[in-house]
1. Output the relative contact order of the range 3-188, whole-number percent, from Cα pairs under 8 angstrom with separation of 6+ residues.
2. Short version: ³J(HN,Hα) in whole Hz for each residue of the range 241-252, in order, from phi by Karplus 6.51 cos²θ - 1.76 cosθ + 1.60 (θ = phi - 60°), x for Gly and Pro, what are they?
3. From the gyration tensor of the Cα coordinates in the range 197-374, what semi-axes in whole Å does the equivalent ellipsoid have, largest first, with each one equal to sqrt(5λ)?
4. Which of Gln309, Pro371, Asn269 sits closest to the plus end of the dipole of the chain, meaning its Cα is farthest towards the positive end, when Lys and Arg get +1 and Asp and Glu get -1 on the C-beta?
5. Taking 7 Å along the Cα-to-C-beta vector as the label spot, tell me the His478-Lys293 distance in nanometres, rounded to one decimal.
6. Where both partners of a DSSP beta bridge lie in the chain, what percent of those bridges are antiparallel, to the nearest 5?
7. Using all Cα-Cα distances in the chain, what percent lands in each 10 angstrom bin from 0 up to the longest?
8. Go ahead and estimate [θ] at 222 nm for the chain from helices alone: -39,500 (n - 2.57) per DSSP H run with n ≥ 4, summed, over the residue count, rounded to 500.
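Just so it is clear, none of the values below were taken in a lab; they were calculated from the coordinates. What you see is a predicted model; the values in this text were computed from it and never measured. Here the Cβ positions follow ideal geometry from the backbone for every residue, glycine too, while neighbour counts run over all protein chains shown.
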Amino acid sequence: MEKVLVLNFGGKFNLPIAHRVREQNVYAEIISYKDITVDEIAKRGYKGIIFTGGPDSVYEPDAPKFDSAILGIGVPILGIGYGCHLIAHMAGGKVTDANDTREFGEVDLVIMKSELFDTLPLVSPCAMSHNNYVKEIPMGYKITAFTELCPSAAFENSEKRIFGVQFHPEVSNTEYGDEILTNFLYRICGCSGDWKMEDVAEQKINEYREKLSGKKVLCALSGGIDSSVAALLINKAIGDDLTCVFVDNGLMRKSEVDFVERYCRDTLNIKVIKVDAAERFLSALKGVAEPDKKRRIISDEFARVFKEQADKLDRVDALVQGTIFTDVLQRGAGDIGDLNGVIDFKETLEPLRDLFKNEIRDMGMALGIPPEIAYRQPFPAPGFALRCVGEVTEEKLKVLRAADAIFCDEIAEAGYEPFTNQYFAVLTDTLSVGIMGSERITGKTIVLRAVTSDDFLTADWTRLPYEILDSASTRITHEIEGITRVVYDITPKPPATVEWQ
Ligand code: XMP
């Protein structure tokens, strides 16, 4: 399989770069500049290398550097932001403070002839974010694009196939960013685009079939796309030697438990042991209002329930977890907990740890999961405990479940599911006065939240049509006792998070 190296210099854009590359059916591997040498890079046979952004200036004492021999190994290189400064610096150019020509945001890019910009119009918007710029390009290089304030928005040595861009093609504000990456990957690096989810799935199934032959494997299934695809891969590899456990913790959405049971049986064709543990979780959460304490209690209780199930089986050799690539980068975000700490598994399998969410969806669909399930919104493992502000009680859960179901129904009814990525209700502790007939009453406040996001690392609030908000608000205040106010959360992430707790 052909691979491109995303050599990470600490910029926040390494993930989007890898994402954009992989969307073009080319496998991108992110490695920190500290963890690999030029010799190793040359040995691994990468088709191309992308230097990511990084700190402000290559001249800071601890600014990340790399062996300049990389420019001579004959593999095409694209340096982005700091990555282009580093190319200039290593090849003998000069980078300086841009002073009053610093650029941030969308800027017009004017291009000259370059293979990198083939198919681009003469002028198009690009995303800039720089305090420094390449003042003198190295010998043997030529400038291939500029902006009003930056004379060296792109430069290259076409013979050596080394390219630098000051702007960020991986950001959506760069209108032709995808075309630039396509040109780099296909024209310049000569990739053929062999990163296809059907093939990756087949490869993983064959690998696990061999590795797990004769072993008994256990999987915690939540009904979400990640654990479903992980289970499906292992199931296709070893059939009934895989046992899946689904724990009903009582903190799920309305109808979720029935849905997961039906979906495992009818769609995944996987045998699942369902454990009804709602009471246990609720009593463990009694009196607890602090969000991280709730997370910990839920994670510990889950591990205990799971261990009891594992103990009932004759033998368990390995555990499957639906960890995905962003989980690896954000460890500790409160997933189902480290079951290895509770049960002594000889082996843990994480078949999806190198994949992005969109790739897992594609793989799921290649394995027969219908699109409406592959694109279901994510649901956090601690469930409604995070959306019930303060102590979690049965009564509060009942109210929250009803409000959430109304909001989800209204979005589905309006056909708006494809246009928002996660949406839910939150039950706050805020009391607010309302009017019922001629009486003034005090009730609680429900918050509605809907976000648009690719990876949930950042998110924007979804501009839901007023009609959806209107009917959700009307139904929630009329159909649910004790709710006197409904508000819509219009905060992006950052500064807010998606969840309220
Ligand atoms: P935040 O709130 O961190 O959420 O912006 C980003 C995404 O992660 C989900 N999330 C969680 N998922 N356990 C989970 O399994 C958690 O403790 C947790 N907290 C947040 C959230 O629903 C969103 O999709």
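1. Working: 429 pairs, mean separation 39.3, N = 186.
In percent, rounded to a whole number, it is 21.
2. 6, 9, 10, 9, 10, 10, 9, 7, 8, x, 10, 8
3. Working: eigenvalues 131, 66, 54 Å².
So the equivalent ellipsoid measures 26, 18, 16 Å along its semi-axes.
4. Result: Gln309, furthest along the dipole toward the positive end.
5. 4.1 nm
6. Details: 36 of 74 bridges.
Percent antiparallel among DSSP bridges in the chain is about 50.
7. Bin by bin from 0 Å, the calculated values are 4, 17, 24, 22, 18, 12, 3, 0, 0.
8. Details: 14 runs with 151 residues, N = 501.
Mean residue ellipticity, 222 nm, calculated: -9000 deg cm²/dmol.
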